[in-house]
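Structure record follows, encoded as structure tokens.
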Amino acid sequence: MPVIEALELSKTYTSGFRKHRNVHAVSNLSVSIESGQIFSLLGPNGAGKTTFIKILLSIVHPSQGSASILGCAVPNVKTRERVGYLPENHKYPGYFTGEQVVRFFGELSKVPKKILDERIPDLLHMVGLTEWRSMKVKKYSKGMLQRVGLAQALINDPDILFLDEPTDGVDPVGRKEIREVLKGLKYQGKTIFLNSHLLSEVEMISDQVAILDRGKLVRVGTVEELTAQGSSFEIAVEGSLPSTFIDEASAHVLKMCVRGQTISLQSSTTADLNATLDLLRKHGVLITSMTRVRRSLEDSFIDLLKQGAQH
Ligand SMILES: Nc1ncnc2c1ncn2[C@@H]1O[C@H](COP(=O)(O)OP(=O)(O)O)[C@@H](O)[C@H]1O
Ligand SMILES: [Mg+2]
């Protein structure tokens, strides 16, 4: 059963009488997220990612469409008890220590004191802040702030965790640590909804990825599905290529580049790839090896956004 569902959700921020200034932050968005998944919403700044999380958390009201969390229609303040939220650019009072931040949010969530006393050290340990638990957060680095934010989001032992840009401004070591924490949480059965503009990060941990561009959903799928399109290959050959080869092959390839004895090409179907190989054999060129070059999520992402911009 999906734990998060959105059906044709739209949000337009209006600005009084200046209708031309209305912003369509989210348009006609439908997604369904299964329990226990790491789901990542990707998109450039301003794509509508934060707005979408805010609608799901009943912070912002949608202009159209509907959504549900854990089977309850949104808006529903009660479901907040079962979710954790790390907002984007969060700020905590600087005079709190890391431990006090987590306790403060635990008290706000009405977690009993006895449970807080047990859970806070565990959470601070999990995010690697035990040593710095008594330091004031105004002295924390960005990475430490994100980690204390993660502990805060987990204080009510939520079923779903919403994280808005959790690794923004965090150094590579800190990012890796956050990734490991997220994997551990998934292992515990939690559903994680992640907003990010950092593709290489998301690529490593997400079960499902959705790409949002100017409020519209461009694609949803696994990382494999999103990166499989337009497969690229490197073909090493022996013998010289006839001068007509590039022209002849152009009908079967999307992109091609020949460097010495190596042909790099991208074709959209297996049939097209084979047609290119047939062409090489027809000219008596020997194929010594062929390697599939997996595209990064970043390449696919940029292509999808370019396609979107043309429409
Ligand atoms: N409260 C608001 N009032 C007016 N416009 C807003 C408000 N919040 C966000 N927007 C606009 O909505 C669009 C989507 O913003 P946001 O959801 O924050 O995107 P993202 O999180 O992907 O960067 C942007 O153009 C932003 O300027
Ligand atoms: Mg945002």
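Here, each number is a calculation from the coordinates, and none is a lab measurement. Bear in mind the structure is a predicted one, so any value in this text is a computation, not a measurement. Glycine also receives a Cβ, built like all others from the backbone with ideal geometry; neighbour counts cover every protein chain displayed.
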*Relative to the longest principal axis of the C-alpha atoms of the chain, give the angle of the C-alpha long axis of helix 172-187, reported between 0 and 90° and rounded to the nearest 10°.*
80
*Each residue of the range 279-285 in turn: what ³J(HN,Hα) in whole Hz from Karplus with 6.51, -1.76, 1.60 and θ = phi - 60°, glycine and Pro shown as x?*
5, 4, 5, 4, 8, x, 8
_Measure of compaction for the chain (Cα Rg per 2.2 N^0.38 Å)_ = 1.24
*In whole Hz, with x marking every Gly and Pro, tabulate ³J(HN,Hα) for the range 151-157 from phi via Karplus 6.51 cos²θ - 1.76 cosθ + 1.60, θ = phi - 60°.*
5, 4, 5, 9, 5, 9, 6
*Report, in whole Å, the centroid distance computed from the Cα atoms of the range 188-209 and the range 60-108.*
19
*Which value, to two decimals, describes the C-alpha radius of gyration of the range 127-200 once divided by 2.2 N^0.38 Å?*
1.08
*Measuring from centroid to centroid over Cα atoms, what is the spacing of the range 236-311 and the range 130-145 in Å?*
51
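Hey, how much of the P(r) for the range 215-311 falls beyond 15 Å, as a percent of Cα pairs?
64
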*Based on Cα positions only, what radius of gyration and what Dmax would you give for the range 1-141, in angstroms?*
18.3, 54
*If you plug each phi of the range 136-149 into the Karplus form 6.51 cos²θ - 1.76 cosθ + 1.60 with θ = phi - 60°, what whole-Hz ³J(HN,Hα) values come out, in order, with x for Gly and Pro?*
5, 5, 5, 9, 6, 7, 4, x, 5, 5, 5, 6, 5, x
*Please identify, among T227, T167, T276, the residue showing maximal mean-square fluctuation in a Gaussian network model of the chain using a 10 angstrom Cα cutoff.*
T276
*Report the longest stretch of the chain that contains none of the trypsin sites (Lys or Arg not before Pro) sitting in a DSSP loop with at most 16 other Cβ atoms within 10 Å.*
111-293
*Cα axis of helix 113-126 to longest principal axis of the chain: angle in degrees, 0 to 90, nearest 10?*
30
*Would you mind checking which residues have amide H under 5 Å from T167's amide H? H placed 1.01 Å from N; only 5 or more apart, or other chain.*
none
_On C-alpha positions alone, give me the angle between the axis of helix 297-310 and the longest principal axis of the chain, in degrees, nearest 10._
80
_Quick check on the exposure proxy: order F39, F52 from fewest to most C-beta atoms within 10 angstrom._
F39, F52
_Value of relative contact order over the chain, rounded to a whole percent, pairs C-alpha under 8 Å and six or more apart_ = 19
_Structure-based [θ]222 nm, the chain - -39500 (n - 2.57) summed over DSSP H runs of at least 4, per residue, nearest 500_ = -10000 deg cm²/dmol
*Amide H to amide H under 5 Å from D213: which residues, 5+ apart in sequence or cross-chain, H placed 1.01 Å off N in plane?*
V218
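With only alpha-carbon pairs counted, each pair once and no self-pairs, how large is the Kirkwood hydrodynamic radius of the range 130-256 in angstroms?
With all distinct Cα pairs of the range 130-256 included, I get 18.3 Å.
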